[in-house]
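First comes the structure, then the notes that go with it.
The values are calculated or read from the model by the stated rules, or taken from the named source; none is laboratory data. On a predicted model such as this, the values are computed, not experimentally measured, just so you know. Because the Cβ atoms are built from the backbone with ideal geometry, glycine has one as well, and the counts that use them run over all protein chains shown.
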Amino acid sequence: MDINNISVNKELSIVFMGTPDFAVPVLEALIEKYNVRAIVTQPDKLVGRDQHLSYSPVKKVGMEHAKLVLQPVKIRKDFQEILNLEPDLIITCAYGQIIPTEILECPRLGCINVHASLLPKLRGGAPIQHAIMDGYTETGVTIMYMNEKMDDGDIIDKEKIDIGDEETADSLYERLKVLGRDLLMKTLPSIIDGTNNRIKQNPDEVTFGFNITREDEKLDFSKNKYQLHNQIRGLNSFPGSYCLLDGVELKVWESYISDNFFPEKIDGEITAIYDDGFGVKVSNGELIFKTVQLAGKNKVNGADFARGMMNHRKFIGEVLSWKKK
């Protein structure tokens with residue numbers, strides 16, 4: 001979609017709420033075409049060893065355009081400044097906090113959200129990762145009205161895209177953030193003039209994509225090769241999947257599925273070194289680890305890592321684990 005063809009409407013007053021890079025294309029398009037009165041984003045964070053102050057990507061865009069930026073620590077308690085703006089419309093995209101009823105009821109055109117899944121599938125904070133981890137072959141973006149429940153509001157519009165066989169969360173993220181921008185800009189005129197759809201979600205079709213936990217990152221080799229490969233793809237490039245090699249964390253960033261089968265080996269056992277990685281026995285065959293990273297080290301090719309390990313220890317036949325002994 002060519003958003004340049006969208007007409008400019010600077011009379012409509014909008015408050016935008018978002019935080020990560022995913023929300024930036026949406027915000028930039030809104031600033032170009034509409035009157036964004038204020039931007040609400042998460043508080044600044046201290047990061048790194050030197051504890052320097054880090055702004056959210058959305059705040060950086062707001063500062064570049066001299067917009068009012070609000071950063072309530074707990075929006076459930078600190079929302080009056082938003083109400084005082086009396087916006088016509090509030091638009092959220094990956095904001096990161098639950099929006100209180102007072103804000104939801106404030107704008108005359110409602111609160112709408114840009115969500116990175118085909119609702120009611122994958123409600124929650126990590127729909128992109130879970131779309132791959134859970135073996136989905138397609139996903140997309142939904143524009144929806146917000147209510148008090150998580151991602152439960154009426155659907156206005158949605159658009160789907162296919163998920164590639166070797167796609168990672170990183171590449172899917174990049175495609176979906178552009179799709180989210182384009183779908184919102186296509187849908188907004190109908191929201192403004194009241195001709196948009198309003199479709200109830202089917203509760204029987206609900207699935208969830210909750211925020212990634214440390215438990216989600218563990219590679220359990222009793223799972224099958226397809227599940228593990230999807231997990232690795234779904235957590236690339238953040239936060240990554242991991243297993244343990246002699247109690248030391250080994251991140252696995254890339255893998256591919258092998259046709260080999262080793263019934264005599266145990267799950268997690270290192271099977272062989274190949275030109276581009278090393279094999280690991282899993283419940284229904286073998287998975288090749290193509291890119292790995294030992295704790296405190298850089299990412300390396302799996303084959304190079306295996307050969308380096310063989311220089312000072314037995315490697316083939318060792319057993320990787322997902323829990324400490």
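For segment 245-260, how many residues meet the condition of being more than 19 Å from Tyr136 (Cα to Cα) and not in a loop (DSSP other than H, G, I, E, B)?
So the first thing to find is which residues in segment 245-260 are more than 19 Å from Tyr136 (Cα to Cα), and the list is 245-253, 258-260.
Still in the list and also not in a loop (DSSP other than H, G, I, E, B): 245, 248-253, 258.
Adding up the residues that qualify gives 8.
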>> Condition first: within 22 Å of Ser237 (Cα to Cα) and in contact with a helix residue (DSSP H, G or I) (Cβ under 7 Å, 6 or more places away or on another chain). Now tell me which residues in segment 141-165 satisfy that.
In response: Val141, Ile161, Ile163
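With the condition being at pLDDT below 95, assigned by TED's automatic domain parsing to the domain that holds Ser171 and under 15 Å from the mean Cα position of the chain (by Cα), I'd like the helices (runs of 4 or more DSSP H) fully within segment 73-148 carrying at least 3 qualifying residues. Even if it seems obvious, please write down each step before you answer.
Values: elements: 80-84, 101-104, 127-133.
Answer list for segment 73-148: none.
What are the residues in segment 36-56 that are surrounded by fewer than 16 Cβ atoms within 10 Å (Cβ to Cβ) and touching a residue at least 24 places away in the same chain (Cβ under 8 Å), if any?
Going residue by residue through segment 36-56, those that are surrounded by fewer than 16 Cβ atoms within 10 Å (Cβ to Cβ) are 43-54.
Matches in segment 36-56: Pro43, Asp44.
Of the residues Ile163, Ile90, Ile128, which single one is in contact with a Cys (Cβ under 9 Å, 6 or more places away or on another chain) and among the aliphatic types (A, V, I, L, M)?
Working: Ile163 fails: in contact with a Cys (Cβ under 9 Å, 6 or more places away or on another chain); Ile128 fails: in contact with a Cys (Cβ under 9 Å, 6 or more places away or on another chain).
Among Ile163, Ile90, Ile128, only Ile90 is in contact with a Cys (Cβ under 9 Å, 6 or more places away or on another chain) and among the aliphatic types (A, V, I, L, M).
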> Which pairs do you get when a residue that is more than 21 Å from Leu119 (Cβ to Cβ), found in segment 157-177, comes within reach of a residue that is assigned to a helix (DSSP H, G or I), reach meaning Cβ atoms under 6 angstrom, with the pair 6+ apart or on two chains?
Replying inline: Thr168/Arg233
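Would it be correct to say that Tyr274 is among the hydroxyl-bearing types (Ser, Thr, Tyr), closer than 30 Å to Leu122 by Cβ and surrounded by fewer than 22 Cβ atoms within 10 Å (Cβ to Cβ)?
Working: among the hydroxyl-bearing types (Ser, Thr, Tyr): yes; closer than 30 Å to Leu122 by Cβ: no; surrounded by fewer than 22 Cβ atoms within 10 Å (Cβ to Cβ): yes.
The answer is no for Tyr274.
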>> Looking for something free of Cβ contacts under 8 Å to residues at least 12 places away in the same chain and farther than 24 Å from Gly110 by Cα - is there at least one such residue anywhere in segment 183-206?
In response: yes
>> Considering only segment 158-180, I want to know if a residue exists there that is modelled with pLDDT of 95 or more, more than 20 Å from the chain's Cα centre (by Cα) and surrounded by 19 or more Cβ atoms within 10 Å (Cβ to Cβ).
In response: no
>> Give me the residue from segment 294-313 that is small (Gly, Ala, Ser) and assigned to a loop (DSSP other than H, G, I, E, B) and, out of that set, surrounded by the fewest Cβ atoms within 10 Å (Cβ to Cβ).
In response: Gly296
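Of all the residues that make up segment 219-232, how many are surrounded by fewer than 16 Cβ atoms within 10 Å (Cβ to Cβ) and either modelled with pLDDT of 95 or more or among the aliphatic types (A, V, I, L, M) (or both)? Full working, then the answer.
The first filter runs over segment 219-232 and keeps only residues surrounded by fewer than 16 Cβ atoms within 10 Å (Cβ to Cβ), leaving 222, 224, 226.
When the remaining residues are screened for being either modelled with pLDDT of 95 or more or among the aliphatic types (A, V, I, L, M) (or both), the result is 224, 226.
Residues meeting the conditions: 2.
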>> Taking the condition of being under 16 Å from Glu286 (Cα atoms) and of a type in the set (Val, Ile, Thr), how many residues in segment 233-259 meet it?
In response: 2
> If we scan segment 99-109, do we find a residue that is in contact (Cβ under 8 Å) with a residue 24 or more places away in the chain, over 24 Å from Leu183 (Cβ atoms), of a type in the set (Ser, Thr, Tyr) and surrounded by fewer than 17 Cβ atoms within 10 Å (Cβ to Cβ)?
Replying inline: yes
>> Residues that are under 19 Å from Gly124 (Cβ atoms) and among the polar types (S, T, N, Q): does segment 203-210 have at least one?
In response: yes
> Residues in segment 275-284: is at least one in contact (Cβ under 8 Å) with a residue 12 or more places away in the chain, farther than 20 Å from Gly308 by Cα and part of a strand (DSSP E or B)?
Replying inline: yes
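From the residues in segment 188-200 that are closer than 19 Å to Asp152 by Cα and of a type in the set (S, T, N, Q), which one is modelled with the highest pLDDT?
Here is the first cut: in segment 188-200, the ones closer than 19 Å to Asp152 by Cα are 191, 196-200.
From the residues that got through so far, the ones that are of a type in the set (S, T, N, Q) too are 196-197.
Working: Asn196: 95, Asn197: 92.
Among residues in segment 188-200 that are closer than 19 Å to Asp152 by Cα and of a type in the set (S, T, N, Q), the one modelled with the highest pLDDT is Asn196.
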